[in-house]
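Since every read-out is calculated from the coordinates, none of them should be taken as a lab result. Values in this document were obtained by computation on a predicted structure and should not be read as measured data. Every residue, glycine as well, gets a Cβ built from its backbone with ideal geometry; the counts of neighbours run over all protein chains shown.
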Protein chains: 2
Amino acid sequence: MDTTHTDEQQRSAAARRRRELLEAADRVVLRDGPQASMNAIAAEAGITKPILYRHFGDKGGLYRALAKRHTDALLSALRAALDAPAERRQRVEATLDTYLAAIEALPEVYRFLMHPAEDAHQPEQGFDVGRHSAPLLRRLGEELAMVIAERVDLGPGSEQLARVWGHGIVGMMHAAGDWWLGERPCSREQLVSSLADLLWGRLAAAGDRADGPGF
Amino acid sequence: MDTTHTDEQQRSAAARRRRELLEAADRVVLRDGPQASMNAIAAEAGITKPILYRHFGDKGGLYRALAKRHTDALLSALRAALDAPAERRQRVEATLDTYLAAIEALPEVYRFLMHPAEDAHQPEQGFDVGRHSAPLLRRLGEELAMVIAERVDLGPGSEQLARVWGHGIVGMMHAAGDWWLGERPCSREQLVSSLADLLWGRLAAAGDRADGPGF
DNA sequence: GACTTCTGTTACCGCAAGTAACACCTGGAG
DNA sequence: CTCCAGGTGTTACTTGCGGTAACAGAAGTC
């Protein structure tokens, strides 16, 4: 082609710019929390607001682009743990541990993805993360359901059972991880094995205590 | 004791007013979704903004008061199911069913408690529910942990195990319920028994499918 | 009648999302 | 060389929210 701007060059330039903007947004969000303003993000990127809006449409669009990066990274790590060649319990534990290690390593990213507007000292402006955290959990749940359905022999109604379990297990992992990240009541290994024990029916198998009719 | 305003009368009048305001806020939130504005709530109550602020401090205060009502109601229903005299599996199922019945009966309340800013067509102003949904789930998790710890014989480390399980089970129930409420893929009874099966270790007990190394 | 206290109001501030309108550069077309 | 097209970027604005003075009336107390 010619010496100058072809369409492809323009497109790749735009994509590169988009990546730069996303990285700037990432820095600001990780520094200021989820209530980072569009002005602040634009300033971090060295530009002004309307450019952000030209690239991402609105704040939700920017957020979605930002969340997709992290979400995809987490998902591929989980898939790897889930597909490793080992027996079931080990793989469940590895998957739980991968998730917990991820949220432990980058708690700001995690909080940004899952919790809207942490410290709203001023008004409550902030990324509407709640609306988008559901999609992440849903994706995880569906993904896990697929894996369960295609690997475990559950008899009739297996598909529905697998989906219920997929979402339920993801929710268990998420809630326990959220609580653990806040209080750090035990080591990661302990948490992993406790959760795996739960999934392995230890609650059902345990005996009642001396007092009361038992749980 | 005069003919008119004693302190107690004033206090009870203030409390009654507060209840009226909360009921108005409830109506607006349930009609307009979580992004209901303070102006709209004040208008519904037949007054103007500053009065709301005198009563509740700020928007978060109003939200907390609003959430506490629903949360307390849900919690007492769950406690009843959890404390019923029956064997463990039946009580687990009854508790799950109570929770699911509650969110099924009043999905708007549920969404308000759990999901921030549903339809932000305008900006993303809305109640910062995410910050407060965590407390609800935490309360549920801790409550369940107490029940488990005092009823089930778990041997050494039982307290930590019970807390992990409490939060994990609550998260499982929450995520599965959220997904079920959105997609309605099966009946409530089916969901309940599927989740109970999961807790009873059916995932661990199931065999591998013909292909692959098994999950 | 003055003083407090509770009710309520109007009018404003600050700040954030989002937009319109304008300015600049750079390369190709007549 | 000039004019146009499409990208970059800007300033300045609107709208709508949370939140807050500052003020006004009613009613009981001294």
Set Lys and Arg Cβ to +1 and Asp and Glu Cβ to -1, take the dipole of the stretch A:61-205 about its Cα centre, and tell me which of A:Ala149, A:Gly201, A:Met173 lies farthest positive. A:Ala149
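What dipole magnitude, in Debye to the nearest 20, does the stretch B:64-205 give about its Cα centre under +1 on Lys/Arg Cβ and -1 on Asp/Glu Cβ?
260
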For A:Arg31, B:Arg209, A:Arg88, order by how many other beta-carbon atoms lie within 10 Å, fewest first: A:Arg31, B:Arg209, A:Arg88
So who's got an amide H within less than 5 Å of the one on B:Asp208, skipping anything under 5 residues away but keeping other chains? H placed 1.01 Å off N, in plane. A:Asp153
Treat each spin label as a single point 7 Å out from the Cα along the C-beta direction, and report the B:Met146 to B:Ala43 distance in nm. 4.3
With one decimal in nm and the nearest listed first, the spacings from A:Pro185 to its own position in the other copies, using label points 7 Å along Cα-to-Cβ, are 3.0
Which GluC sites (Glu not before Pro) does the stretch B:74-113 hold that lie in a coil by DSSP with at most 16 other beta carbons within 10 Å? B:Glu87
Nearest-first distances (nm) between copies at B:Gly155, label 7 Å from Cα via Cβ: 2.9
Under 15 Å, Cβ to Cβ, from A:Ala45 - net charge with Lys/Arg +1 and Asp/Glu -1: +4
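Count charges around B:Cys186 for me, please; just the other residues with Cβ under 11 Å from its Cβ, Lys/Arg as +1, Asp/Glu as -1.
Numbers: positive: A:Arg163, B:Arg184, B:Arg188; negative: A:Glu159, B:Glu183, B:Glu189.
Combined, the nearby Lys, Arg, Asp and Glu give 0.
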Kindly rank A:148-155, B:46-53 from highest to lowest mean number of other beta carbons found within 10 Å of each residue. A:148-155, B:46-53
Computed label-point distance, nm, for sites A:Arg17 and A:Arg69 using a 7 Å Cα→Cβ extension: 1.7
Any lysines whose Cα falls less than 25 Å from that of A:Lys49, other than same-chain ones fewer than 8 residues away, would be A:Lys59, A:Lys68
Here the correct list, in nm and shortest first, of distances from B:Glu104 to the same site in the other copies, label points 7 Å along Cα→Cβ, is 3.9
Residue of B with Cβ nearest the axis relating B to A, plus distance in whole Å? B:Gly201, 1
Span from the the stretch B:20-54 Cα centroid across to the the stretch B:162-215 one, whole angstrom: 39
What base-10 log of the normalised intensity I(q)/I(0) is obtained for the stretch A:61-205 from the Debye formula, alpha carbons as equal point scatterers, at q = 0.18, 0.21 Å⁻¹? -1.12, -1.43
